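To start, the structure under review is shown below, and the notes come after it.
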Amino acid sequence: APDSAPDMVALARTALQFNRIDTAEAVLAKLGPTAEQSAEYHEVEAQLAVVKKDPAAAERHFAEAVRLDPSRKQNQLNLAVFQLQSNSRETRDQASALLQQFMDDKGLRVPAARALRRACSKAGSSVLDPVISMKWSFIPRDLATASMSSARARFHWLFGFSTTATLESCGTAS
């Protein structure tokens with residue numbers, strides 16, 4: 001149905017994918033308060049805020065999306081990325097801990113590792129700088145394809161230190 005909230009949210013998401021910010025804004029503006037009870041609506045609003053370079057709005061919308069549907073790990077990851085920039089040490093520590101947990105999730109480990117690396121770089125730590133140019137293809141085949149119980153073992157092999165030690169060195173772990 002053309003006026004259904006899920007279809008309009010999908011249209012706004014598609015507009016953002018094609019960098020049609022004005023279309024996404026117009027579509028989202030047409031949605032009523034019912035749509036605001038949808039995690040998908042807040043996810044798209046957050047993506048729009050990211051494109052518009054409004055981190056406070058993005059964080060607010062990702063937080064609402066997580067509240068409405070806590071099972072969507074991608075929204076949790078996106079929220080944690082914004083929370084790493086918080087002025088609150090406690091908020092940063094919670095975000096860091098969540099991203100460390102995502103290191104064990106096959107689908108989220110790479111974006112989680114990138115977010116943690118960026119947080120360390122912004123904190124002034126150069127702990128990971130020597131390995132920035134390392135290609136993932138240099139990981140031994142048996143290590144890259146083995147079903148390991150923890151992604152932290154790969155991270156440790158690849159970077160030569162544990163995630164906890166890294167985060168402590170850049171001031172994001174307690």
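The values are calculated or read from the model by the stated rules, or taken from the named source; none is laboratory data. Keep in mind it's a predicted model, so treat the numbers as computed, not measured. Positions of Cβ are generated from backbone atoms using ideal geometry, with glycine treated the same way; all protein chains shown enter the neighbour counts. Quick note on the areas: whole protein, heavy atoms, side chains included, nothing else; ligands and nucleic acids left out. Shrake-Rupley method; radii C 1.70, N 1.55, O 1.52, S 1.80 Å.
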Checklist entry - With the other protein chains left in place, how much accessible area per residue, in square angstrom, belongs to region 1-96 at a 1.4 angstrom probe? => result 56 Å²
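If you average 1/r over all unlike Cα pairs in region 37-122 and invert the result, what Kirkwood radius do you get in angstrom?
Final number for the Kirkwood radius of region 37-122 is 12.8 Å.
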Checklist entry - In debye to the nearest 20, how big a dipole does region 2-84 give about its Cα centre with +1 on each Lys and Arg Cβ and -1 on each Asp and Glu Cβ? => result 240 debye
Next on the checklist: Please compute the length gained on full extension between Ser88 and Ser121, using 0.36 nm multiplied by the number of residues separating them and subtracting their Cα-Cα distance.
Outcome noted: 10.1 nm
Next on the checklist: Compute the distance from the alpha-carbon center of region 23-73 to that of region 101-118, in whole Å.
Outcome noted: 22 Å
Checklist outcome for this item: In whole Å, largest first, the alpha carbons of region 9-76 cover along the principal axes 29, 25, 17
Checklist entry - So which lysines pass the test for Lys122, namely a Cα distance under 28 Å, with those fewer than 8 places away in the same chain ruled out? => result Lys52, Lys53, Lys73, Lys106, Lys135
